[in-house]
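Data first, discussion second: the structure below is written as structure tokens.
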Amino acid sequence: MARLEAGLALPAERNFNIAVLAAYVLVAGTTMLGHEMFRDEIQAWLIARDSSSVADLVRNLRYENQPALWYLLLMPLTRVSRNPVLMQGLQFALASTAVAVVLWRAPLTRLERLLFPFGFYILFEFGVKSRSYMLGFLIVALFCALWQRRRDHPLIMAGLLGALANVHAICVILSAGAACALIVDRMTADAVRPAARRFDWRQDIPAIFILGLGWVLSAVVGLPPSDEGFAPRWYFNLYLNHLTGSLRALGALLGSEGWLVVVASIVIFSILIRRRRNCPVAATLLFVSVGGCLALFYAKYAGLIWDHGFIYVAFLAAVWIERAQSKALAAAPTRAGLFVPPAVLVMVLIVQAWFGLVATMRDLARPYSNAYAVARFIRAQGWQDEPIAGIPDESASAVLGYLEADRIYYAKTQRWGSFVIWDRKWLSPIDDAAVIQGIDALGPHVTVVASWFDVSQLQAYGFRVVRRFTGSVIGEDYTIYRRGP
């Protein structure tokens, strides 16, 4: 392992890293240029755009159940332009930086470094798509890169974990897992540095305060209001469908949630459980993080495949910390004694790369969402300054973002707005009569953007079908109705 890290400083290794990073930038950048952002990506942009201040942003985030760091990064960009493409520029910079940190600082072999950037999450879900996930991964990578100096800089380590907790609700679990790893590391300090076990109040107390402050800020911002209706209830009974749903999240280790992949992932985790004593610190980080995620997916929020990707992030962090620990030991363990065998890591990276390239090729071949095409069509017809209604709220908001308009009439919840408000009104069943009446009252010249819901009754009120947009990857397809010229 020492030879491996020393090799990273050699010109040949630097050139190899530069070549791999250039390939990642080319593939991710090209895909991002053709990527049509969908509702979840645009939602964050609209919240940051239409929040007048940080305090207003915090109020608007109550319905998201998410902390504020990603939105705070977006806010300055929204003051430069209303075009959400700027968000993709930020995403590209974060993704490239995160990959560079891993290539130059992670103790990985050439093969591992070649495969890593093209995994399903690093390349596509966290890379091409503009969401907070890559920011979270970057912070985890920085934490791992500084691991060998953790005892010299506890304030920096605490600051990184505090910041991580403010990226995404699931990142709070990873932050807790990493904090537990630091505690186990302190408790099992090697005999060479027995002083490392001692409590240093001058650094440890401020570090605990910084970390606690990060967790408190995350909890306060993510605290839902009384009329919040989006987040599901807590489940503490053993429901089979919740259990199987959370188990499917384990497939994120390999980049898919098909049952064959899930079984393979369960086998891998079973192997790691048996080898946990080989590196208690790395095992603590992995199993606290994965266990916390599974508990959340079972009891609160089932999550989607992009949410489950933090299980893969925890796995990578465990590998990194174990190898950093091994280098620090006077006698590094043999390959057979490693917590994560190199063969397991390579297999995971190969499967991840396969699903990553498949997802990228699919995104290049088909529109991920048709929101951009709809907005471009409406602008080409000159209808953007007339009333526009959308149903349902969440898909219509993606069109609004690309139109760069101030607001749209959300027919389902019968109100004007920009970003979606996940309150109980949004959760209520659709009143078809009220939807039609609300759209009809907008005036003689109205454009309706409908996705998922059949509002063909509008034709009795003088509306005609103008165009349909179908075939998107995410299923964000639209039918445009129009009344007037």
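Any read-out appearing in this document is the output of simple, stated calculations on the displayed coordinates, not a laboratory observation. Bear in mind that the values here come from a model prediction, so they are computed numbers and not experimental data. Cβ coordinates were reconstructed from backbone atoms using ideal geometry, including for glycine residues, and neighbour counts include every protein chain displayed.
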Practice task
Counting only C-alpha contacts under 8 Å and six or more residues apart, can you give the relative contact order of the chain as a whole percent?
Solution key: 19
Problem - Ratio Rg/Rh [Cα only; Rh per Kirkwood] for region 371-483 - result: 0.92
Fill in the blank from the handout: Stokes-Einstein D for region 427-485 (10 °C, 1.306 mPa s, Kirkwood Rh from Cα pairs), in µm²/s, comes to 129
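As an exercise, take the mean of 1/r over every pair of distinct alpha carbons in the chain, invert it, and state the Kirkwood radius in angstroms. Can you show the working numbers first?
Numbers: mean 1/r = 0.0416 Å⁻¹.
Kirkwood radius, the chain: 24.0 Å.
Sorted from largest to smallest, which semi-axis lengths in Å does the alpha carbon gyration tensor of region 25-72 give for its equivalent ellipsoid, taking the root of 5 times each eigenvalue? Could you put the intermediate results ahead of the total?
On the way: eigenvalues 143, 22, 18 Å².
Whole-Å semi-axes of the equivalent ellipsoid: 27, 10, 9.
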Fill in the blank from the handout: Diffing region 11-17: the Karplus 3J(HN,Hα) column from phi (6.51, -1.76, 1.60, θ = phi - 60°), in whole Hz with x for Gly and Pro, holds x, 5, 6, 4, 5, 5, 4
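Please list 170-177, 400-407 highest first by mean number of surrounding beta-carbon atoms within 10 Å per residue. Numbers along the way, then the final one.
Working: 170-177: 25.0, 400-407: 19.4.
Most protected by this proxy first, the peptides run 170-177, 400-407.
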